[in-house]
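Here is the structure we will look at.
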Amino acid sequence: MISNVVLMDTLNSIKAVSKTDLTLLDPEGKVVATTLDSVSVNPREIRSFTESEADVQEMKGRLFLKAKEEYQEEYIIMLEADGENAMLIGKMATLQIESLLVAYREHYNRENFIKNLLLDNLLLVDIYNRAKKLHIQPTARRVVFILESEQSKDYSTLEAVKEVFSKSKNDFITAIDERSIIVIKELDEKDGTEELKAIGQSIVAAAGRGEEERLHVAYGNVINELKDVSRSYKEARMALDVGKIFFGDQNMIAYSQLGIGRLIYQLPIPLCKMFIREIFGDKNLEDFEPETFETINKFFENSLNVSETSRQLFVHRNTLVYRLDKLEKSTGLDLRVFDDAMTLKIALMVVQYMEYMETLEY
C-alpha cells in the first residue's frame, strides 16, 4: 500500500500545476489524502459509485474518477466539477495515481520474489519466469551480505542501508527477521576481496548504531546465476554464526574465511563430546593454568615456531620447551609435531563450539 505521505505529495504536485484542489478516497468513502482544509463526503454514494461500471461520474457538482490497478478500484479521485478543465485535471490525476500503483505493485512483487528466492521457496522454472517479468537479470555476479545487530533493527536502519545502494536498481535490500538486513549486491567483473570488504564496511557505516551496540556483517561466495542467490545467503548465514564462535573479535566475516570452523559447526554435539573424551580423557580444560592457554595460542599464532613464540612471550627458549613438555605429559600431545598440534587445535575449537551451543540453550 502506498504511504499517505507519498499520496499527499502527489496531490500537492498536481495542485501546484492545475491550481485545483483534489481529494483521494478509498473504495469505502474514507478520505485518504486531500489538499483541502476540510472535506465532507457521503460514503454511501462513494460505495455506490465504486460498485458501478462507470469510471467517471459527476454528483452534486463534484467529479469522481476511479484509479484502477489491474481492473480493481484502489482509489477514488474527487474534485470540483465546475470549469472546462476539470475532466482533464481529473484524468491527469488518475493517470498519476495509477502509475504509482503500478510502481508500488512491481516494488512489492520484486521484494516478495527476492524473499522467496533467499529462502529457496521457488522452483527453477519459476525463478527465471518471474525474473523476466520483473526485469531482473538472471545472470550477473552477485553476493549476499547479512547485517545483524544485537538488538532488533528499526525502520530507519533499513532505510539507511537502502539509501547507500539506492543508485543501483540491480541491488536488493530486504529484511527476513527482526534482527537482520539482507543485501544482494551486484558486482563488477573486477570486484574482488578488497571490494567486498569495502561494501561490508559501507553497510556497517550506514547502520550507524554507535559503539555501544555490536554489529556483525557476513557474506557468502560470489555467484553468477540468480538461482544461486539462496546458496550465497545460506553461506552468509553460516559465516555469521560460525564467526561469532571462532572469530569473535571481528565484526565482518566471509564464508571463505571459515576454514575448519565451518566443519566443526556442522558436527553433532554427541560426536563432539566423544571426541573430547578421547583427547583429554577425564581432564577438565578449566583446570589448565592460564599460562598454558597463553602458550598454546601464541605457539599457534607463530606457526609452531619455538624461537618466535618464546620471544613474544618474553620467556627463555628453555622455559617454553619446559611448558611444551609439561603439556605433552598432561595430554599426550606434542605441539612441536604437526599432527599433534592439529589435533589439539581442533579439540580446542570443538570445546569452544560446545560452550557456545550451551549458551544458546539457556
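The values are calculated or read from the model by the stated rules, or taken from the named source; none is laboratory data. In this text the structure is predicted, and so the values were computed from the model without any measurement. Note: ideal-geometry Cβ built from the backbone for every residue, glycine included; neighbour counts use all protein chains shown. Heavy atoms of the whole protein, side chains included, go into the accessibility calculation; ligands, DNA and RNA do not. Shrake-Rupley method; radii C 1.70, N 1.55, O 1.52, S 1.80 Å.
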| Set Val41, Val32: member being under 18 Å from Arg105 (Cβ atoms), touching a Leu at 6+ places or on another chain (Cβ under 7 Å) and open to solvent by less than 70 Å² (accessible area, probe 1.4 Å) | Val32
| note | With criteria (1) open to solvent by less than 50 Å² (accessible area, probe 1.4 Å); (2) over 24 Å from Lys227 (Cβ atoms); (3) part of a helix (DSSP H, G or I), Met78 comes up short on (3)
| Are any of the residues in the range 299-307 assigned to a loop (DSSP other than H, G, I, E, B), open to solvent by 50 Å² or more (accessible area, probe 1.4 Å) and touching a Gly at 6+ places or on another chain (Cβ under 7 Å)? | no
| task | Write out, first by first residue and then by second, each pair whose Cβ atoms fall under 7 Å of each other, whose residues are 6+ apart or on separate chains, and whose first residue, in the range 122-139, is touching a residue at least 24 places away in the same chain (Cβ under 8 Å) while the second is of a type in the set (Asp, Glu) and part of a helix (DSSP H, G or I). | result | Leu134/Glu106
| query | Picking from Val125, Val161, which residue would you name as being in a helix (DSSP H, G or I) and touching a helix residue (DSSP H, G or I) at 6+ places or on another chain (Cβ under 7 Å)? | reply | Val161
| request: Go through Gln57, Gln96 for me and flag whichever is touching a Phe, Trp or Tyr at 6+ places or on another chain (Cβ under 9 Å), among the polar types (S, T, N, Q) and either open to solvent by less than 80 Å² (accessible area, probe 1.4 Å) or more than 30 Å from Glu186 (Cβ to Cβ) (or both). | output: Gln57
| query | Out of (1) of a type in the set (A, V, I, L, M); (2) in contact with a strand residue (DSSP E or B) (Cβ under 7 Å, 6 or more places away or on another chain); (3) open to solvent by 20 Å² or more (accessible area, probe 1.4 Å); (4) more than 30 Å from Gln250 (Cβ to Cβ), the odd one out for Ile176 is which? | reply | (4)
